[in-house]
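**Student:** My questions will all concern the structure given below.
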Amino acid sequence: MFHVAIRNQGKDLFLVTASWAGETSSESVNFTSGEEYKLAKKQLLQRTPGLSLVSLDAQAPVCAQIGRTLFDTFMSASVLALFRQYRESNDPPRVGLHLSRELYREPWELLKDPEDEQQGDYLSLIGSVVRFDADSGEPDPRTRLIPPARSLRCLFVSPQATATPGEQSVPYIRPENFQNVVFDIVNPPTYVDFMRAADNDKTNPDGFIFYGHGKVKDGIGHLIFVELQGLIMKKAVDDVRRGSAISTALATKRNLRFSFLMACETAWINDDDDQDMKFEDTVAGTLMSQTRIGFVLGAQLKIDFGSAHTFLITTLQQVQAGVPLDLAMKIGRRNIRGLLPDSNARSPLDWWVPVLYAKSTMFDILAPESVHQPNLNMPL
């Protein structure tokens, strides 16, 4: 993996330090996010009907503008020279970004190397882009061991919360156990039942998967469970819970390796009007800082359920087949981009939305002796 550490040295000034194969190079760069970049980013994040991008063709120049700006700014001079050496002997490219938190709001998954024009893709689509929290105070992820498991046990929660205007209803999915992956389904998907499952001494999951609604409210990331009310005729009503409530429930689980948060805004840290979101207040941020989980996959924007469903299935299939988690995401992104446009034409455009935060560079989730061929018909 090619590692790039980017630290703030003052207003708009950043120190970029790249390392690979025992070599290191550093450059100081200015990043002011000019008007063209700001406009492109605003278009990318826009979700208002009639104003948002509606096709991959319309999205392409916007993503290219952002991706090339980020690449040209932070991969310059000696850093770029070292990266070119890395690319000569490494395919697919795997880039680890050690970022100051004020840079989390940039869509790094759009990094685009101008020399990849023939492939026509972004680094996250031909390889991987992984984020490491440079401000966490955690040990260097290159030295942290998270050994692979022989099998995976996943705590799975999918509340069918009420869709608010402009949102989709949560599709019903029920994963079935297969070969080396077992799902403990929280049913009913209430927060109380989730807490009960997490507190169960017999439940020692390797993964936590949430598939449903999420949102940012008052600068805090939330997941939406349901609560059953009524004595005879039970009615499900929304039960909105902060990310800290989720991390508290999972904090004692020693085997937890990963979490897939397939819900809107679980890793959202971009400006929303006058709201300034902090990473540590997102659902992904609380799980990273308050639990033993080594890999947290979230959504840096709202995500279409067609995208989330496709990404979840594909990534699990690839992990089951022994593909490292960061490269499994590459296939998930490609499959999102290959979706046929639905009625609101959102699904294919969400390929860049999933984001991976990591505490280790050991991305092999399953041990080699436990690997099976992917279950391409895995029911979900």
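**Student:** Tell me the mean residue ellipticity at 222 nm calculated for the chain from its helices only (DSSP H runs of n ≥ 4, each -39500 (n - 2.57), averaged over every residue, nearest 500).
**Tutor:** For the chain, the value works out to -8000 deg cm²/dmol.
**Student:** Starting from the amide H of GLY221, placed 1.01 Å from N in the peptide plane, find each other amide H under 5 Å away whose residue is 5 or more places distant or on another chain.
**Tutor:** Correct list: GLY243, THR282, VAL283.
**Student:** Still on this structure: Using the Karplus equation 6.51 cos²θ - 1.76 cosθ + 1.60 (θ = phi - 60°), what ³J(HN,Hα) coupling, rounded to whole Hz, does each residue of segment 76-87 give in order, writing x for Gly and Pro?
**Tutor:** Couplings: 10, 6, 5, 5, 5, 4, 5, 5, 5, 4, 4, 5 Hz.
**Student:** Still on this model: Can you work out the Karplus-derived ³J(HN,Hα) for every residue in segment 327-332? Use 6.51 cos²θ - 1.76 cosθ + 1.60 with θ = phi - 60°, whole Hz, and x for glycine or proline.
**Tutor:** 7, 4, 5, 4, 5, x
**Student:** In addition: Check SER128: other-chain or 5+ apart residues with amide H under 5 Å from its amide H, H built from backbone geometry?
**Tutor:** Under 5 Å from the amide H of SER128 lie the amide H atoms of ARG94, VAL95, each far enough along the sequence or on another chain.
**Student:** What length, rounded to one decimal in nm, is gained on full extension from GLN46 through to LEU15, with 0.36 nm per residue of separation minus their alpha-carbon distance?
**Tutor:** Extra length from GLN46 to LEU15 when fully extended: 8.1 nm.
**Student:** Select from THR24, LEU261, LEU44 the residue farthest towards the positive end of the dipole of the chain; place +1 on Cβ of Lys and Arg, -1 on Cβ of Asp and Glu, and compute about the Cα centre.
**Tutor:** Farthest along the dipole direction, towards plus: LEU261.
**Student:** Take each of the peptides 135-145, 213-223, 182-192, 281-291, average the number of other beta-carbon atoms within 10 Å over its residues, and list them starting from the highest.
**Tutor:** 281-291, 213-223, 182-192, 135-145
**Student:** Also, I was wondering about something else. Considering amide H positions built from the backbone, and no H for Pro or chain starts, which residues 5 or more places from CYS264, or on another chain, come under 5 Å of its amide H?
**Tutor:** Residues meeting the amide H criterion: GLY214, ILE303.
**Student:** Next up: Given an 8 Å cut-off on Cα distances and at least 6 residues of separation, report the relative contact order of segment 65-148 as a percent. Don't skip to the end; give the middle numbers.
**Tutor:** Numbers: 80 pairs, mean separation 30.4, N = 84.
Rounded, it is 36 percent for segment 65-148.
**Student:** Moving on. Any chance you could get the radius of gyration and Dmax over the Cα atoms of segment 44-177, in Å?
**Tutor:** 19.3, 52
**Student:** Using the Kirkwood formula over every pair of different C-alpha atoms, what hydrodynamic radius in Å results for segment 68-129?
**Tutor:** It is 12.2 Å.
**Student:** Calculate one ³J(HN,Hα) per residue across segment 204-216 by plugging θ = phi - 60° into the Karplus curve 6.51 cos²θ - 1.76 cosθ + 1.60, and present them in order as whole Hz with x for glycine and proline.
**Tutor:** Couplings: 10, x, 8, x, 10, 10, 10, 10, x, 9, x, 6, 9 Hz.
**Student:** Sorting check: for 74-81, 347-354, which peptide has the highest mean count of neighbouring beta carbons within 10 Å, and how do the rest follow?
**Tutor:** 347-354, 74-81
**Student:** Decide, for segment 278-341, between rounded, prolate and oblate: order the square roots of the alpha carbon gyration tensor eigenvalues as a ≥ b ≥ c, take rounded if a/c falls under 1.5, and otherwise choose prolate if a/b is larger than b/c, else oblate.
**Tutor:** Taking the square roots of the gyration eigenvalues as a ≥ b ≥ c, segment 278-341 is oblate.
**Student:** What is the distance in Å between the Cα centroid of segment 34-103 and that of segment 235-269?
**Tutor:** 28 Å
**Student:** Could you list the square roots of 5 times each eigenvalue of the Cα gyration tensor of the chain, that is, the equivalent ellipsoid semi-axes, sorted largest first and rounded to whole Å?
**Tutor:** On the way: eigenvalues 209, 116, 82 Å².
Taking √(5λ) for each eigenvalue gives 32, 24, 20 Å, largest first.
**Student:** Thinking of segment 1-51 as a set of Cα atoms, what percent of all their pairs are more than 14 Å apart?
**Tutor:** Cα-Cα pairs in segment 1-51 separated by more than 14 Å: 65 percent.
**Student:** May I pose another question? For segment 179-263, give the percent of accessible area contributed by carbon and sulfur heavy atoms, probe 1.4 Å, rounded to a whole number.
**Tutor:** For segment 179-263, the apolar C and S fraction of the accessible surface comes to 49 percent.
**Student:** Which whole-number percent gives the relative contact order of the chain, counting Cα pairs below 8 Å spaced six or more residues apart?
**Tutor:** With pairs under 8 Å counted, the relative contact order is 16 percent.
**Student:** Something else about it: About the Cα centre of the chain, how large is the charge dipole given +1 on each Lys and Arg Cβ and -1 on each Asp and Glu Cβ? Please answer in debye to the nearest 20. Intermediate values should be presented prior to the final figure.
**Tutor:** On the way: 39 positive and 46 negative charges, 183 e Å.
That gives a dipole near 880 debye.
The values are calculated or read from the model by the stated rules, or taken from the named source; none is laboratory data. Just so you know, these numbers come straight off a predicted model, no measurement behind them. Heads up, the Cβs are rebuilt from the backbone with ideal geometry, glycines too, and the neighbour counts pull from every protein chain shown. These area figures cover heavy atoms from the full protein model, side chains too; ligands, DNA and RNA do not enter into them. Shrake-Rupley method; radii C 1.70, N 1.55, O 1.52, S 1.80 Å.
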